[in-house]
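Colleague: One structure coming up, written as structure tokens, with questions to follow.
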Amino acid sequence: MTKTVFSILALGLAVLSHGEVRSRFDSNGEGWGKIEFTPAGNVFSAPGAVTYIASGGNPGGAIRQTDATGTWMCFDAPSGYFGDLSSAAGGEVGFDVSMTTTLGLNPDLPFSVAITGSAGSIYCLHPVRAFAPWQRVRVKLAGGRDWRWNSYNGAAATPAQVLSVLSSVNRVAIMADYQSGTDTCQIDNVYLGPAEGSSKTLLSFDSDSEGVIRHTSLAGSYTSSVLTQTLATWGASIGKTGGGLTIGDPDAELSWFLLPGTFGGDRTAYTGGVLTYDLKNIPGSGTPIGNYPLLTITSGGKTLVYAPEELNGYNSHSQWEKVAIPFLPGPGWRVGSPTGPVASAAEFDEIAGFVEYIRLRAEYWNGDENNYFDNVLFSPPQPTQVTGHVDLGADYFGSYDGVPIEIYTYRNGFPLAVIPAVLDANGDYSVTITTPGDVTVLVKPSHWLRAIAGTASIDGVAKVLPTVEPLNGDVDEDNAITIFDYLLLSSAFDTSEGQGSWVPNADLDGDGTVTVFDYLILSANFDQVGD
């Protein structure tokens with residue numbers, strides 16, 4: 001055993017294997033210190049000592065520091081975290097964190113973890129909502145939007161850049177300044193190594209509040225501004241299943257459940273999935289509140305709200321209800337407020353790539369009320385096979401095999417996706433749909449009008465839709481049979497397949513030649529419009 005390892009063990013730092021290191025602070029501070037960070041130039045300076053506490057950790061001992069300087073303070077790792085940690089690439093770094101004050105959240109946090117090596121630096125932007133009691137933070141060491149290269153506001157770090165830093169580490173700094181004024185921060189159970197359990201996808205509240213905060217803002221405010229924040233009240237038997245949370249609302253502000261930072265970060269893997277939770281609201285007095293959103297997500301100063309049209313006048317009732325929010329661009333997702341512009345796919349992707357705040361509505365009446373909350377779950381997309389049959393009509397004599405079709409999906413009249421497919425020889429089709437929830441499915445064969453096939457619940461279980469019988473004659477495929485279709489058919493009249501002026505869509509009856517019989521089909525359906 002080398003002299004270096006002897007000295008590390010003397011401090012109490014656990015060196016578990018090559019590329020894996022942990023600090024539990026069971027008997028001392030294990031060589032950790034503190035250091036200031038200056039965002040301009042990404043400079044670390046003014047190292048100092050931290051306070052070791054023998055009890056009050058998570059569990060046992062922990063280290064603590066108080067910040068009253070107005071600078072960004074960090075916990076500074078000892079040399080046991082230095083050297084070649086390349087085997088941790090693809091693993092994770094994490095810690096437990098707790099704050100002892102109730103000041104406002106700081107919206108300008110430069111990073112939560114910074115790792116520097118001879119090849120450069122990586123800064124983790126994974127959001128942390130430090131608040132008593134303890135919260136566990138785990139972040140993958142795999143690059144992507146959670147990590148920035150060589151500056152806390154730099155470009156997203158690649159996996160290769162993460163590996164280059166881990167190959168020769170000389171600093172690991174963990175942020176200790178999550179609130180906007182004087183605060184005291186504690187950390188415990190620091191870990192760097194193979195994956196142990198990254199960002200959460202489930203908050204069950206079986207044993208505690210898991211760091212969920214009652215967060216209030218001015219009525220009508222949908223930003224991350226804070227009036228007050230206190231821990232939501234936890235009870236061992238008040239949830240839908242076991243433990244749960246409750247928030248009373250005797251005041252005039254708008255109350256939210258603010259989820260912990262472990263529910264944030266890069267959630268692009270869940271785009272196309274669904275966010276669900278159980279909610280029960282017991283009103284006391286007053287009337288239902290109008291069109292406030294069910295959810296807000298904030299990142300980089302931009303806020304998305306989920307407030308579908310049917311939400312206007314919605315209020316939870318005195319019984320448990322399952323709330324399901326589709327996590328993808330579509331109906332109900334707007335920028336800034338319920339009346340803001342519909343969120344584009346690019347805006348949604350930007351937010352999903354680095355989620356800072358997730359707030360769920362906890363108020364439905366303009367008087368006093370009590371709200372109960374349980375089982376918050378991020379579910380990934382559940383691709384669902386949807387099959388059906390198309391009858392192209394008695395006026396079509398060609399082969400069904402290979403006829404191109406487009407599958408359109410809608411929710412509440414809002415277009416979601418267009419999926420190309422083809423019919424088989426029997427007129428059957430099969431597509432995979434990933435958009436969650438109940439969607440309306442429409443089918444449009446090439447020169448036929450679009451027709452509604454039915455509604456399918458996209459939940460991972462295969463669905464069979466009723467047969468559709470679309471109208472023939474849409475030569476230009478604009479979903480209407482008009483004079484423009486007549487002109488295209490006329491230009492191709494009396495031509496056969498293989499000739500230069502041949503227009504495949506003008507052969508409405510599928511006999512290989514554009515004739516008077518194709519005119520008759522178009523005339524019979526003239527001026528019709530598809531679904």
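Colleague: Once you treat every alpha carbon in the range 375-531 as an equal point and sum by Debye, what is log10 I(q)/I(0) at q = 0.14 Å⁻¹?
Modeller: The calculated log intensity ratios at q = 0.14 Å⁻¹ are -0.70.
Colleague: For the range 391-483, what % of the accessible area comes from carbon and sulfur atoms, probe 1.4 Å?
Modeller: Roughly 54 percent, rounded to a whole number.
Colleague: Taking only the alpha carbons of the range 479-530, what extent do you get along each of the three principal axes, in Å, biggest first?
Modeller: Between the extreme Cα coordinates on each principal axis of the range 479-530 lie 30, 16, 15 Å.
Colleague: If you stretched the chain out fully between D527 and S285, how much longer would it get, using 0.36 nm times the residue separation minus the C-alpha to C-alpha distance? Show your work: numbers first, answer last.
Modeller: Working: separation 242, 0.36 × 242 = 87.12 nm, distance 5.56 nm.
Length difference between fully extended and current span is 81.6 nm.
Colleague: P(r) tail for the range 432-486, what percent of Cα pairs lie past 16 Å?
Modeller: Roughly 50 percent, rounded to a whole number.
Colleague: Under a Cβ-Cβ cut-off of 13 Å, what is the net charge of the residues other than N426 that fall near it, where Lys and Arg count +1 and Asp and Glu count -1?
Modeller: That sum, taken over residues with Cβ under 13 Å, equals -4.
Colleague: Report the Rg/Rh value for the range 302-394, based on alpha-carbon coordinates and the Kirkwood definition of Rh. Intermediate values should be presented prior to the final figure.
Modeller: Values: Rg = 17.6 Å, Rh = 16.4 Å.
Result for the range 302-394 is an Rg/Rh of 1.08.
Colleague: Over 16 Å, how big is the tail of the calculated P(r) for the range 339-432, in percent of all Cα pairs?
Modeller: Pairs farther apart than 16 Å: 75 percent.
Colleague: Roughly how much of K240 is accessible, in Å² to the nearest 10, using a 1.4 Å probe?
Modeller: Accessible area of K240: about 100 Å².
Colleague: Provide the solvent-accessible area of F484, counting protein heavy atoms only and rolling a 1.4 Å probe, rounded to the nearest 10 Å².
Modeller: 130 Å²
Colleague: Return the calculated 222 nm mean residue ellipticity for the chain, to the nearest 500 deg cm²/dmol, obtained by summing -39500 (n - 2.57) across DSSP H runs with n ≥ 4 and dividing by the residue count. Walk me through the intermediate numbers first.
Modeller: Numbers: 5 runs with 44 residues, N = 531.
Here the helix-only value at 222 nm equals -2500 deg cm²/dmol.
Colleague: Quick one: accessible area per residue over the chain, 1.4 Å probe, rounded to a whole number of Å²?
Modeller: I get 40 Å² per residue for the chain.
Colleague: With an 8 Å Cα cut-off and a minimum separation of 6 or more residues, compute the relative contact order for the chain in percent.
Modeller: 11 percent
Colleague: I need the Debye-formula profile for the chain: one equal scatterer per C-alpha, no solvent, reported as log10 I(q)/I(0) at q = 0.12 1/Å, two decimals.
Modeller: Debye output, listed in q order: -1.07.
Colleague: Right, next: With every protein chain in place, what's the accessible area of I433 (1.4 Å probe, Å², nearest 10)?
Modeller: Here the accessible area works out near 0 Å².
The values are calculated or read from the model by the stated rules, or taken from the named source; none is laboratory data. Bear in mind the structure is a predicted one, so any value in this text is a computation, not a measurement. When we count neighbours, we look across all protein chains shown, and the Cβ atoms used for this are built from the backbone with ideal geometry, even at glycine. These area figures cover heavy atoms from the full protein model, side chains too; ligands, DNA and RNA do not enter into them. Shrake-Rupley method; radii C 1.70, N 1.55, O 1.52, S 1.80 Å.
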